[in-house]
Every structure is written in structure tokens, then in C-alpha cells.
1. Only one residue in Gln37, Gln33 is at pLDDT below 95, farther than 20 Å from Asn179 by Cβ and in contact with a strand residue (DSSP E or B) (Cβ under 9 Å, 6 or more places away or on another chain). Which one?
2. Are any of the residues in the stretch 191-212 more than 21 Å from Val115 (Cβ to Cβ), surrounded by fewer than 16 Cβ atoms within 10 Å (Cβ to Cβ) and out of contact with any Cys (no Cβ under 9 Å at 6 or more places or on another chain)?
3. Determine the pairs where a residue that is without any contact (Cβ under 8 Å) to a residue 24 or more places away in the chain, located within the stretch 180-200, has a partner that is open to solvent by less than 50 Å² (accessible area, probe 1.4 Å) and in a helix (DSSP H, G or I) with Cβ atoms under 8 Å apart, the partner being 6 or more residues away or on another chain.
4. Between Ala235, Ala277, Ala220, Ala203, which is within 14 Å of the chain's Cα centre (by Cα) and either part of a helix (DSSP H, G or I) or charged (D, E, K, R) (or both)?
5. Determine which member of the set Lys261, Lys267 is open to solvent by less than 10 Å² (accessible area, probe 1.4 Å), of a type in the set (Lys, Arg) and touching a helix residue (DSSP H, G or I) at 6+ places or on another chain (Cβ under 7 Å).
6. Could you pull out the residue among Ala304, Ala333 that is in contact with a Gly (Cβ under 9 Å, 6 or more places away or on another chain), in a helix (DSSP H, G or I), closer than 22 Å to Met141 by Cα and of a type in the set (A, V, I, L, M)?
7. Quick test for you: out of Leu330, Leu302, pick the one residue that is in contact (Cβ under 8 Å) with a residue 12 or more places away in the chain and of a type outside the set (S, T, N, Q).
8. For the condition of a type in the set (D, E, K, R) and within 19 Å of Gly212 (Cα to Cα), what is the one hit in Glu310, Glu290, Glu272?
Amino acid sequence: MGCTYSVYGVGRKKKPSIPEVVVFVPSMRIPAQCDLQRALKGLIPRDLIDRLSCLRNRIALVAEDTGGSAITELRQALEEYLSILIGLAKKEHGLEDLVVFKWKNLGDGRQETCVANAWFELFSVVHMMAMLALSEADTLMIPKDYSGSGFRVVSTDCKRDAVDLLLKAAGYLEFCVRNVLSRIPAEIRTSLSKDLQDGVLEAISIQALGQGTEIQLGLAVESQKATLSVKRRLACEQLIYYGQAYQCLSGCDLSHGYGKKQMWFIKWKFLEAKAAAYYYHGLVLDKGNEPTCHVSAVCCFLAAQELLVESKKTRITFCLAAPVTRAPPLWGAMKHLHQKIPEVASRKSQMYGYLLEQEKALQSLPDLPDFQLSLRPDDYELPGIDPAWDSEKWEKQSQPLKEHLKDTEDEIETE
């Protein structure tokens, strides 16, 4: 394979702008320069070293030159790199700890992480694939053009594709936590940056499921076939996901770059989901014939109204938290509920005002129903190892491992 790269506008400065966020994407980490040739020379065939080095450099170059927007090209390169990288991580090859792999944040290039462990490199690759999936979902939910009516339109297909990408991102992150981090020595794990803590990764994974459910609720609101029970269920499920994500994050050190912003995002979405859940629960209760049903329904509507007000404040706090972002115009279920909740709360309070006076003892907020969660992360498995590792045509290396290590030490001494 040759080291060919796509041509992008290297060096072009973009005008500073405040990005709009629909799907929250933490800071993306990309490969930084490391010397694969020197570390692996004489241990594996030269062409295999060249492929590893070439793919890794290509990923770094494309990511930096495009800001991570060349998602298809990056995904293809990462998957190809991963199939070769697996060979380095195999214990029987004895190469796990020979290469010092370096990664850095895409945004500012700071917080470079250097780890001599192939499983860390594999973890970083799958983590980057998750961030790309989240980024692509965000792009799909932010239309680049407007309809003739002046309103922004996101097609149903784009919304469904975004849900698929969110499930894929959740699957990548779940795989990282359950199948990769445990293979990295404890002393290395504790030294990793705070945004790679187990709880942070789990929170992002669950949060992706919550956002997928949020999109589904928006589709249900737009559909004439979706029943009230379905909308209530989706709102309650969304609330559960964000509650779980909050619990995962609450035990983490949030002093890293995106930590506090991520927490504010989850709080904002939690409050929106709770407002939606109480609104739809109130509509279901209001269908009952007993006075207590109507009183409970009004309590739900009033609670939803208060939660909606609080969510607006939290949204502003999220946007102002570093790095500063913009919230999108109202979309999905919230576009509908920001109008309906105050309207219904006011109308129903007036309609059943006499019952509220008579049944003061019953004025308590009812519990929301508990539902089994519908969305699950996509199952992810590592690709098959590249055939080059299994090749019987490997010639016996002329430089044994001990000699290689001795040569390396000699090189260091002479530098």
C-alpha cells in the first residue's frame, strides 16, 4: 500500500465561529507522531511496519487537515489500521510494550498522552471511531439548508441514520470499557487523562442511547400513528437513560476539558426528558373519570412547566460552559412541547381549579411509570487480524529480539 493522502487545504485558517451542538461530542483524540520504524525494526517484516506507519500518519494528517470532518475516509483508515494493529497486541508476538504510542487532542493539540502499550493504541482507535460516529450523527441533525418556508428541516431518513450512528457509538464505547481497558495494566490506566475514565466513557455511551430515544420521541410526535402511551414510554425511557448517565458521571473527576460541559449537557437533557415524561403522563391520567385523576394530571402539567423553565436556564449554562457552543433552534419533541406544556398547564389549571381547592390533600406529584429500556448499544467486535500476520512466508528475522533491544539502547546512548 502506498502512502497516498487526500489533498486538503493545509494551512487555511477558518474564521472563528461558535459551533452549534445537537449531539454532544467530547473532544476528539488523534494520533501524534511516534517512531514505529525504530521500535519494530527487525522484529516484523518491513512492509508491515510501513503499512502501520503509513496508515497511522494518514489518520493523523486527514484528521488535522479537516478537523475530523472527513468521516468516511477516517473510518476506513481506522478500520484498516485496526486489523494490522491487532497483531501487535497479541501476546504470542511479544510486541505489546515495544512502541510508545502518542495521542493528542484534536482541538488544541495539547494534553499529549504517551503510552508504551498496544492495547492502549487499540483502545484509542476504537474511541476515535466512537467520536466520529457521534460527530456524524451531530452533522445529520444540523441541516445545511432551509426549506422554502424558512424553517430548518431534517429528513426522517437523516434522523433514523443518526439513531443508528448513536447506537454504533454506544457500542464502540461499551466495547472499550468491557473488553479493552481491562487488558491495559492498572498503573497505565490510572495515569490516563481524566476524560478516559471508565465512568466518563460509560456516561457518553448511555447518553448516546438517551439522544437516540430523544430523536425517536420527535419522530413519534410527528407521526399521526404514534399513540399517547408510546410517547409517554419514550419520554420515560429518555429520562432513565439520562439519569443513568448522570450517575456514571457523578463519581468522576470532571476537572478535564469537557467534563463540566458534559455534566451540564446531561442535566439539560434530563430536565427536558422529565418535563416531557410528566406532560405525557398527565395526558394519560387526564383520560380517567375520577376527580383524583384530573388533580394528578394537573400536578403533572404544572411540574412539567416548572421543569421546562429550569431546562431553559440549564441549556444556557451548558452553552456558556467552556468551550462555548450554540444550542440549535427547537427541534423534535421539544419544539412541540415548549408551546404545548405552558398552554395545557394553564388551561387544565383553570378547568380543574375547583377540584384542586377541594382535593388539596391529594395534590401530590404521582410517580412516573417504569419501563424496560428499548435501545441497546450495537454489538461490536474487532475485525479479523490482517493476513500478513499469519503469513508463512515470513523469513526468519536476522535480528533477534535481544539484539534489537541492545541496538536500541546503543542508539540512545550515542544520541
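The values are calculated or read from the model by the stated rules, or taken from the named source; none is laboratory data. Note that the structure is a prediction, hence the values are computed from the model and not measured. Here the Cβ positions follow ideal geometry from the backbone for every residue, glycine too, while neighbour counts run over all protein chains shown. Areas reflect the complete protein model, heavy atoms only, side chains present, ligands, DNA and RNA absent. Shrake-Rupley method; radii C 1.70, N 1.55, O 1.52, S 1.80 Å.
1. Going through Gln37, Gln33 in turn, the sole match is Gln33.
2. Looking through the stretch 191-212, none of the residues is more than 21 Å from Val115 (Cβ to Cβ), surrounded by fewer than 16 Cβ atoms within 10 Å (Cβ to Cβ) and out of contact with any Cys (no Cβ under 9 Å at 6 or more places or on another chain).
3. Arg189/Leu181; Asp198/Val177; Asp198/Leu181
4. Exactly one of Ala235, Ala277, Ala220, Ala203 is within 14 Å of the chain's Cα centre (by Cα) and either part of a helix (DSSP H, G or I) or charged (D, E, K, R) (or both), namely Ala203.
5. Only one candidate passes the filter, namely Lys261.
6. Every option except Ala333 fails the conditions.
7. Sole residue among the options that is in contact (Cβ under 8 Å) with a residue 12 or more places away in the chain and of a type outside the set (S, T, N, Q): Leu302.
8. That would be Glu272, the only listed residue that is of a type in the set (D, E, K, R) and within 19 Å of Gly212 (Cα to Cα).
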